[in-house]
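The block underneath contains the structure these notes are about, expressed in structure tokens.
Please treat every number below as a calculation from the coordinates, not as lab data. Everything quoted here is computed from the prediction, not taken from an experiment. Reconstructed Cβ throughout: ideal geometry from the backbone, glycine too, with neighbour counts over all protein chains shown.
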Amino acid sequence: MTTTPERTAEQELAYDVFSRACPSRGTLEHVTGRWGALTLGALYEGSFRFNALRRRVDGVSEKMLSQTLHALERDGLVRREAQPTNPPRVDYELTPLGRGVAERLTALIEFVEGRMDDVLAARGRYDETRGGR
């Protein structure tokens, strides 16, 4: 059986994030939510123990970081490695899939950070025209 260009395009669109039932929506939400994005960005720097990761992702609660890590682990983006020591040592690191996602996310983070002067100026202009909102 030969593969037509139409079939190839259809295969590439097997998942459609714009479709309500698409399972990629959940993963996209985990990746692009505030704590997911920051957690992936931090783990792109290397592996972390839980408390070190919590300090790196300033402002995240223990509960929220735990929930975020569970979701990212379930999606195959983060690996949790527990060491049988006393006290137990748990390290978190990106999987190869998570590294690919974090690489793209980090590029976006760097772009936004690099353009914050433009963003702040735009906010100022917006607020001026809207009466200081």
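Looking at the range 13-79, the trypsin sites (Lys or Arg not before Pro) that sit in a DSSP loop and have at most 10 other Cβ atoms within 10 Å of their own Cβ are ARG20. Summary value for the range 41-133: 28 percent relative contact order, contacts being C-alpha pairs under 8 angstrom separated by 6+ residues. Karplus-derived 3J(HN,Hα) values for the range 112-126, using 6.51 cos²θ - 1.76 cosθ + 1.60 with θ = phi - 60°, are 5, 4, x, 10, 5, 4, 5, 5, 5, 5, 5, 4, x, 4, 4 Hz; glycine and proline are entered as x. For LEU94, the residues whose amide H sits under 5 Å from its own are ARG79, ignoring neighbours fewer than 5 places away on the same chain, with H placed 1.01 Å from N.
Where a ≥ b ≥ c are the square roots of the eigenvalues of the C-alpha gyration tensor, would you call the chain rounded, which needs a/c under 1.5, or, failing that, prolate if a/b is larger than b/c, or oblate? Oblate.
Between the listed residues VAL78, SER24, GLY100, the Cα displaced farthest toward the positive end of the dipole of the chain, a dipole computed from Cβ unit charges relative to the Cα centre, is found at VAL78. Averaging the sequence gap over all C-alpha pairs within less than 8 Å and six or more residues apart, then dividing by the number of residues, gives the range 22-82 a relative contact order of 34 percent.
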